[in-house]
Amino acid sequence: MNAPPKPPNSSPEVEQERRRIAQRVEEVARLSETNIPPGAFYGEMLKRLLEALAAPAGAVWARTPQGNLQLQYQINLKEVGLDQNDQARQCHEELLRQSMTHTAPFHVPPRSGVGVVEEGKAPAGNASDFLLLVAPIVSNQQTTGLIEIWQHANRPAQAIPGYLQYMSYMADLTARYQRNQMVGQLTGQQQVWIQLEAFATQVHASLNPTEVAYQVANEGRRLIECDRVSVAVRQYGTKARIEAVSGADVVEKRSNLVRLMRDLCERVIQWGEKLVFNGVRDDSLPPKVLAALDAFLAESNSKLLVVQPLRDERETGRRPPRSALLMECFEPPAEPQQLLARLDVVSRHAAPALFNAVEHRRIPGRLVWQPLAKLQDGIGGKTKAITALAIGLLSFLGSLLYLMPYELKMEANGKLMPWARRVVYTPIAGQVEDFKVEPGDGLSEGSDLAIVYSTELARKLRELQAGVKGSSNEADSARFHSAGSGSEHEKRNLLDDEHIKKVLASIRKRELDDFIRHTNAVPDESKFGYLNLRAPNFTPEERNRLGRLEWTILSGNFKDEWRNRRATPSDPILKLGAKDGPWEIELRIPQKHISQVLKAFEITNARTLDVDFLLRSDPSRKYRGKLHRERIASEAVANRDEKDESEPEVIAYVTIDDDDIDPAYRLSREALTSGTEIHAKIRCGKHRLGYALFYGVWEFLYEKVVFFF
């Protein structure tokens, strides 16, 4: 910048003053090319400006990135009297606001205003007793700041243009300094962005929490330019753990410093707020955080300490953050704002990196999934991997279904009942008058069970008795006539007729006795029509197997069901069984399963097949029985108990007390209750796994599809 022009015919005093002013301008010009801090530059520039103008006070204002004016440096500003009242301060603030729209210097006389007064705002003006000189700092045709000089009011008006011109020189030098600073900042920011990009690449390059923590600690320390950075990671359900300390290859977790550091980070993480210690103790901190901080500072020599909890945006709920950064400076700068700003930048990148690493570690079975992911990439992508996996699984499953042997089991239902049992029917239709037994009674063979009255029985007995009497009377009549007969031939015929009638009477008498014995009818003529239902006799085979020849009434509500009701010879009235003898299961095998059961006898060449069964009354325990080949019926019959059941069933009997049955699977006698329903599975030998599991599907397909081709 050129010096102010030399006026003609200047005196030596004026020339000396001009050289002094030019020297001040040169000094400020040299300062504008240096990298001194803004506060120092503004101070040196303002001092030389006030000295050159012999002014009592001045101030430098600069625009912040947010667009507000901020005081950078001032000299004797209180002597001007701007703070004497609110009105003076508001007028000055409004003047500053309007001055930012000007690009040319101007002056404001004492106790005067400028511009138009807006409604609701204080008037812009100079409320002091000094002459106010204002020079805008213009950069790229925009006002970036202001230089204010308060001059004595007794200065001549002709000197004001010279003052403003000199201030314009200083404003231009200030704008040059700001441009140089901006270039330096841009260069520094570019370097910071390069370092930050490298830092972000390194911290996101791994999913191991320890590796990420070491990258954050070491690279973050270089980026922040502090003395030490430590990283604490807190897994859910555990306390914070110091994973990395900058400059240290191994974290000595038992050392006193690391333990105190861990406690401090744990307290701050639970608190959830940022902790900043700059040499002054803050008693407003939570008691636990303050105690942990005091304990750590007693061990460490940190003058500036910041604990920054790292909370990722994906973390929700009230759980504390998973990690934290601890920054330490042993010789902090006078203004640590830049360090704190860099720490915030590092924290924003470290939070998602540590979150991803901890989340990855929490994945169950990741040691298995990682090799599978590499295998997927080697095969050629997700689609090919899924296709190959599906083919492999189907092949394995098919081989397993074809090669692996498995027990084929046929399902059936049945009932538990004694081996020796009978059903009592009435021999002739009649009305049940009364019973002589109770449910559960024990009785011997031939014991009376019930009394039945039958009109048909009475009629039949009278007919048979009348026939016997008629034949006897005819025999007596023939004998009487033969005694009084005259001829020998007639007498002989009457005797033959007598003999025939006697034989006929004897036959009819025998028929009457057989009928009475068969029907257990009461032979007394006064009780014709009554008969006794009696317990049947045991067979020779039953006598050999049973230890105690005694029947037990198995029926329960027979009295309510049959008393004073008519019964036919096909109606079962009572059920008897030898409960003290052996028991068996009356099994109803569906017709579609019987072929597999019979084939199992041929394949295994065994006399018996194992039968697993469950009691409906106790389905939590499995029992076992034996099915003998000879105890399977030769024909299929309809199920009379199930009206909707259309498929016939084959009756078979399963023994449950064979000596070959494992005692652990044998049904105890305490659980023997006649009529208890059971669900059974008949073991039909080893077959291929696929056929054993899906034999029903195969038979359906064979019947419906293969059979027609």
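The values are calculated or read from the model by the stated rules, or taken from the named source; none is laboratory data. Worth saying up front: this structure is predicted, and the values here are computed from it rather than measured. Backbone-built Cβ (ideal geometry, glycine too); neighbour counts: all protein chains shown.
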key: Condition broken by Arg322, with the remaining ones in (1) touching a Leu at 6+ places or on another chain (Cβ under 8 Å); (2) at pLDDT 85 or above; (3) closer than 24 Å to Ala248 by Cβ; (4) of a type outside the set (Gly, Ala, Ser) satisfied   = (2)
Sole exception among (1) surrounded by 15 or more Cβ atoms within 10 Å (Cβ to Cβ); (2) touching a helix residue (DSSP H, G or I) at 6+ places or on another chain (Cβ under 7 Å) for Glu33, by number = (1)
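It is to be established whether one or more residues within segment 184-197 are of a type outside the set (S, T, N, Q) and either closer than 29 Å to Arg234 by Cβ or modelled with pLDDT of 90 or more (or both). Break it down stepwise before answering.
At the first step, the residues of segment 184-197 found to be of a type outside the set (S, T, N, Q) are 184, 186, 188, 192-194, 196-197.
Within this subset, residues satisfying the condition of being either closer than 29 Å to Arg234 by Cβ or modelled with pLDDT of 90 or more (or both) are 196-197.
Yes, some residue in segment 184-197 is of a type outside the set (S, T, N, Q) and either closer than 29 Å to Arg234 by Cβ or modelled with pLDDT of 90 or more (or both).
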inquiry  = Checking the conditions here, which among Glu550, Glu586 is on the phi < 0 side of the Ramachandran plot, surrounded by fewer than 21 Cβ atoms within 10 Å (Cβ to Cβ) and under 60 Å from the mean Cα position of the chain (by Cα)?
reply    = Glu586
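Looking at Gln66, Gln70, Gln74, can you tell me which residue is modelled with pLDDT of 85 or more and loosely packed, with under 15 Cβ neighbours inside 10 Å?
Details: Gln66 fails: modelled with pLDDT of 85 or more; Gln74 fails: loosely packed, with under 15 Cβ neighbours inside 10 Å.
Just one listed residue meets the conditions, Gln70.
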remark   = Exactly one of Leu394, Leu372, Leu389 is aliphatic (A, V, I, L, M), under 25 Å from the mean Cα position of the chain (by Cα) and assigned to a helix (DSSP H, G or I), and that one is Leu372
message = I need the full set of residues from segment 227-245 which are modelled with pLDDT under 90 and touching a Leu at 6+ places or on another chain (Cβ under 7 Å), in order please.
response = none
ask   = Quick check, is Arg534 under 30 Å from Ile451 (Cβ atoms), in the same structural domain as Tyr425 (by TED's automatic domain parsing) and surrounded by fewer than 20 Cβ atoms within 10 Å (Cβ to Cβ)?
value = yes
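Looking at Glu44, Glu51, Glu27 in this structure, which one is in the same structural domain as Met167 (by TED's automatic domain parsing), charged (D, E, K, R) and more than 27 Å from Gly184 (Cβ to Cβ)? Working first, answer last.
Numbers: Glu44 fails: more than 27 Å from Gly184 (Cβ to Cβ); Glu27 fails: more than 27 Å from Gly184 (Cβ to Cβ).
From the options Glu44, Glu51, Glu27, the qualifying one is Glu51.
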message = Can you pull out every residue in segment 63-90 that is touching a helix residue (DSSP H, G or I) at 6+ places or on another chain (Cβ under 8 Å) and over 13 Å from Gly43 (Cβ atoms)?
response = Leu69, Gly81, Leu82, Asp83, Ala88, Arg89
remark   = Scanning segment 103-122 for residues that are in contact with a Gly (Cβ under 7 Å, 6 or more places away or on another chain), buried (at least 17 other Cβ atoms within 10 Å of the Cβ) and at pLDDT 85 or above gives Val108
inquiry  = Is it the case, given these coordinates, that Gln158 is part of a helix (DSSP H, G or I), modelled with pLDDT of 85 or more and either under 30 Å from Val345 (Cβ atoms) or of a type in the set (S, T, N, Q) (or both)?
reply    = yes
inquiry  = When the residues of segment 224-251 are narrowed to those that are of a type in the set (A, V, I, L, M, F, W, C) and surrounded by fewer than 20 Cβ atoms within 10 Å (Cβ to Cβ), which ends up farthest from Gln337 (Cα to Cα)?
reply    = Val250
task = Identify, by number, the condition in (1) in a helix (DSSP H, G or I); (2) over 22 Å from the mean Cα position of the chain (by Cα); (3) not hydroxyl-bearing (Ser, Thr, Tyr) that His360 doesn't meet.
result = (2)
ask   = Name the residues in segment 274-298 that are at pLDDT below 90 and acidic (Asp, Glu), would you?
value = Asp282, Asp283
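Taking strands (runs of 3 or more DSSP E) that fall entirely within segment 612-709, which contain at least 1 residues that are of a type outside the set (Asp, Glu) and loosely packed, with under 13 Cβ neighbours inside 10 Å?
618-637
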Odd one out for Pro209 among (1) at pLDDT 85 or above; (2) within 40 Å of the chain's Cα centre (by Cα); (3) over 18 Å from Val346 (Cβ atoms) = (3)
Selection status of Val60, under 27 Å from Asp172 (Cβ atoms) and surrounded by fewer than 20 Cβ atoms within 10 Å (Cβ to Cβ) = no
key: Out of Asn605, Asn639, sole residue that is more than 47 Å from the chain's Cα centre (by Cα) and farther than 30 Å from Ser570 by Cβ   = Asn605
task = Would you please list the contacts, defined by Cβ atoms under 7 Å and residues six or more apart or on different chains, that run from a residue in segment 434-459 that is without any contact (Cβ under 8 Å) to a residue 24 or more places away in the chain to a residue that is surrounded by fewer than 18 Cβ atoms within 10 Å (Cβ to Cβ) and charged (D, E, K, R)?
result = Lys436/Asp448
